[in-house]
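Report on the structure given below.
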Amino acid sequence: MGNNKEAWGSRVGLILAMAGNAVGLGNFLRFPVQAIQNGGGAFIIPYLVCFLLMGIPLLYVEWSMGRFGGKKGHHSTPFILGAMDKRKFWKYIGVFGIFTNLAVAAYYCYLESWTLSWVWHSVKGTFAGQSQEQVASFFGNYVSLETMEPIIFWVLCLVLNTWILSRGLSGGVEKVAKIGMPLLLIFGAILAYMAVTLKAGEHGAKFDGTMGLNFLWTPDFSSIWNMKVWLAAAGQIFFTLSIGMGSIQCYASYVRSKDDIALNAMSAGWMNGFVEIVLGSAIIIPISVGYLGIDTVIEMTKNGGLGLGFKTLPYLFQQWGGTLAIICGLFWFGLLFFAGITSSLAMGTPCMGFMQDEFGWKREKAAWTFGLAVFLLGLPTVLFFNYGVFDEYDYWAGTVSLVVFALFEIILFAWVFGIDKGWKEITEGADIKVPGIFKYIIKYITPLFLGWVFFSSLPNIWSQIKNEAIDKQILAATDPNIIEQLKTQLMYVNISRVGLLLVWLGVAYLVYIAYKKRIKEGRFL
Ligand code: ALA
């Protein structure tokens, strides 16, 4: 029998928790890098189009699916999807909504633990007086596990997440969102002010902070025809809004059956948009471009955004002087921590909801089991970070899986469940008038758009499966040690892929058992 009596304490708490789910490390680390790598102003137009034609419609869809499933006592996607169409197939598609949260949490919590550690080092003054190379090598040594510190912070972060989850939605998640989100906004606003008012010549900056903003905000229409920019924009919209993950459906399943979802969905979605577009673009880009110039920053972000956030910013803050450097370090890594934890908590709830609903587990048991699962699944990303395991998880769970799941769920919602019933779900109890055009967007444009994104990504997915990028590096390398290292990387990447597949199958098996159990007990499916 289900043992799930969770509920949201207040509407403000729900909106802040849902916004916290969306606002994450993706807003502050991933977005600026995607924007820089895809031509600044050239990225913004595809990004906004993807937000309007995929992001918003999918927010409506996922919120209403969640509330619909919640009315029937389901809080995880296998049975939420199962409630919308009786074919067994959908329950197994719903596996993605548990798998993704588990696998993303596995690497995300490690990243989140760095922010805690960097808060500590910023306050302690570790980076004071260090050169850019020294700050960068601090990062290199950290992820190479030269000391036990990364493990300690990681375990601490996991225990903290698990403990908060064990306190429940209103007693844990909502409280963290109510404290974390306002602090994040205050820290972000102060840092953004410092960044955009940075003047060339002050504190050793070469250019005005506004130069970075101009790069981002001068529209460049040539990108409209560039497929790569569109795929990057679509990927960012998925990750930042947490759509195609299963966590929105889970949070929404705890909304009361007659309560609004339309305004809630928009409030959380636009709050995320604001934080990403305004704060996410106004900190890392103006500061790094102000000191290093656009070309250097483009070059530095080629291998992802973690470098800028963890290796470069702590060094640049030092240029602002002792106390200010400490405060800015505290604010920057503090805001990253709050952004991270409000998202990782959301990743815990679908797995917990599933265990509580299907196996009658108590909340505490479900939370600690989730924590243990994330520990086991995350261990390879910690131990073999330098061998690409972290990136492999991010590619399959944090990128491909989201698009695949979203594509299936929009087909289910608009075409199988039916757009008329779906529209009724979206508008029921709505505190705003949902523009009627979205009915057509959800039925035609979003599925086509998503299908296009998915099919256009297939060559990239295939190239990833064949490990083309690593193979190329092996062919180009001459140093036998580097060749050996790349071959080892290939082995770890392949093992982690198989591991992720086994996790997916393991969750599917649990869904199968839960389904059989429901039939045996004669419980509603
Ligand atoms: N939406 C979360 C983020 O942006 C996962 O980090």
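Computed values, structure above
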quantity	calculated
Hypothetical label at Arg523: residues of region 250-271 whose amide nitrogen lies under 16 Å (7 Å Cα-Cβ projection)	none
Translational diffusion coefficient (Stokes-Einstein; Kirkwood radius from C-alpha pairs) of region 227-284 at 37 °C, 0.692 mPa s, in µm²/s	250 µm²/s
Contact order normalised by residue count of the chain, Cα under 8 Å, 6+ apart, percent	32 percent
Amide H contacts of Gly209 (H built 1.01 Å from N, under 5 Å, at least 5 apart or other chain)	Leu198, Lys199, Ala200
Expected 222 nm ellipticity per residue - DSSP helices of 4 or more, -39500 (n - 2.57), all of the chain, to 500	-22500 deg cm²/dmol
Sorted by Cβ density within 10 Å, fewest first, the residues Tyr60, Tyr193	Tyr193, Tyr60
The chain: angle of helix 132-143 to the longest principal axis, Cα-based, in degrees nearest 10	40 degrees
Helix 227-241 axis, angle to the chain major axis (alpha carbon atoms, nearest 10°)	70 degrees
Farthest toward positive dipole pole in the chain [+1 Lys/Arg, -1 Asp/Glu at C-beta], among Trp332, Leu313, Thr446	Thr446
Nearest-ten-degree value, helix 446-465 long axis tilted from longest Cα axis of the chain	60 degrees
Positive-end residue of Ile519, Met300, Tyr395, charge dipole of the chain with Cβ unit charges	Ile519
Environment charge of Ile243, counting only residues whose C-beta is closer than 13 Å and scoring Lys/Arg +1, Asp/Glu -1	-2
Inverse mean reciprocal Cα-Cα distance (Kirkwood Rh) of region 295-342, Å	11.7 Å
Cα Rg, Dmax (largest Cα-Cα span) when computed across the chain, Å	22.4, 74
Using a Förster distance of 56 Å, the FRET efficiency for Arg11-Lys466 (Cβ separation, nearest 0.05)	0.70
In Hz, Karplus ³J(HN,Hα) per residue of region 509-518 (6.51, -1.76, 1.60; θ = phi - 60°; x = Gly, Pro)	5, 5, 5, 4, 4, 4, 5, 4, 4, 4
Per residue, the convex hull volume that the Cα atoms of region 121-263 enclose (Å³)	227 Å³
Rel. contact order, % - alpha carbon contacts under 8 angstrom, at least six apart, region 408-525	14 percent
Neighbour-count order for Phe333, Phe417, fewest beta carbons within 10 angstrom listed first	Phe417, Phe333
Exposure proxy ranking, count of Cβ atoms within 10 Å, fewest first, for Ile437, Ile93, Ile461	Ile437, Ile461, Ile93
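The numbers here are math on the coordinates, done by the rules we state, and not lab data. None of these values were measured; they are calculated from a predicted model. For neighbour counting, all protein chains shown are included, and Cβ atoms are generated from backbone atoms with ideal geometry for every residue, glycine included.
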